[in-house]
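**Q** Dropping a structure here in structure tokens format, bear with me for questions.
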Amino acid sequence: MLRKILASSRYIMLIPVIATFLGSVALILFKTIVLFASVSSIIIANRGISPKSAKLIAVGIVESVDIFLIAIAVYIISIGLYSLFIDDSLPLPKWLEIRNLEDLKANLISVVIAVLSVLFLQEAVAWDGGGDILYFGLAVALVISALTLFLMKNHESRKGSP
């Protein structure tokens, strides 16, 4: 009886699977609408494309990429939880195959690295020549380096284990 209850309890993971999937879709749709609205308003306000409006549009696009990458991370969580707890036969591309929590963590860390890179790019595009972009860049580089080192060590240790 307890065995059957415990075996069925994995379906409770459908709640975060559905929530994260819907959250990912909502982020993508929302940011797409915001991007088109902001590009349109920039073009209308500047009466066409000018160097100033092009830079504003570029910043908006980079900000959108940042949100899209976060949506991808949330989507990977949804897929990963589904694969781990509900159905491991889900057809996925090789790079997205998730066999355990370590695979899920590695995929998420890869997306976090991409998000941090885009975040720095966003600051660099919007940079007006002042401020401490060097310190921000160094901080981002340090975090990316630490995450990359973690991924490398994790990959090495998993290759060595049977």
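The values are calculated or read from the model by the stated rules, or taken from the named source; none is laboratory data. Please read these numbers as outputs of a predicted model, since none were measured by experiment. Here Cβ is always computed from backbone atoms with ideal geometry, including for glycine, and neighbour counts include all displayed protein chains.
**Q** Given (1) under 16 Å from the mean Cα position of the chain (by Cα); (2) under 18 Å from Val125 (Cβ atoms); (3) not aliphatic (A, V, I, L, M), where does Ser24 come up short, assuming only one miss?
**A** (2)
**Q** Among the candidates Ser64, Ser53, which residue alone is of a type in the set (S, T, N, Q) and in contact with a Leu (Cβ under 7 Å, 6 or more places away or on another chain)? Don't jump to the end; show me each part of the working.
**A** Numbers: Ser53 fails: in contact with a Leu (Cβ under 7 Å, 6 or more places away or on another chain).
The conditions single out Ser64.
**Q** Restricting the search to region 42-65, which residues are surrounded by 19 or more Cβ atoms within 10 Å (Cβ to Cβ) and either under 9 Å from the mean Cα position of the chain (by Cα) or over 22 Å from Ser117 (Cβ atoms) (or both)?
**A** Ile42
**Q** Here's another thing I want to ask about it. Could you tell me which residue of region 93-147 is surrounded by the fewest Cβ atoms within 10 Å (Cβ to Cβ), considering only residues that are of a type in the set (Gly, Ala, Ser) and in contact (Cβ under 8 Å) with a residue 40 or more places away in the chain?
**A** Ala126
**Q** Mind listing whichever residues of region 1-41 are under 30 Å from Lys55 (Cα atoms), out of contact with any Phe, Trp or Tyr (no Cβ under 6 Å at 6 or more places or on another chain) and either small (Gly, Ala, Ser) or crowded, with 16+ Cβ neighbours inside 10 Å (or both)?
**A** Within region 1-41, Gly23, Ala26, Leu27, Ile28, Lys31, Leu35, Ala37, Ser38, Val39, Ser40, Ser41 meet the criteria.
**Q** Let me ask something else. For region 66-90, which residues satisfy the criterion of being at pLDDT below 90 and surrounded by fewer than 15 Cβ atoms within 10 Å (Cβ to Cβ)?
**A** Of everything in region 66-90, those that are at pLDDT below 90 and surrounded by fewer than 15 Cβ atoms within 10 Å (Cβ to Cβ) turn out to be Asp87, Asp88, Ser89, Leu90.
**Q** Quick check, is Gly129 out of contact with any strand residue (DSSP E or B) (no Cβ under 7 Å at 6 or more places or on another chain), under 28 Å from Leu35 (Cβ atoms) and outside any helix (DSSP H, G or I)?
**A** yes
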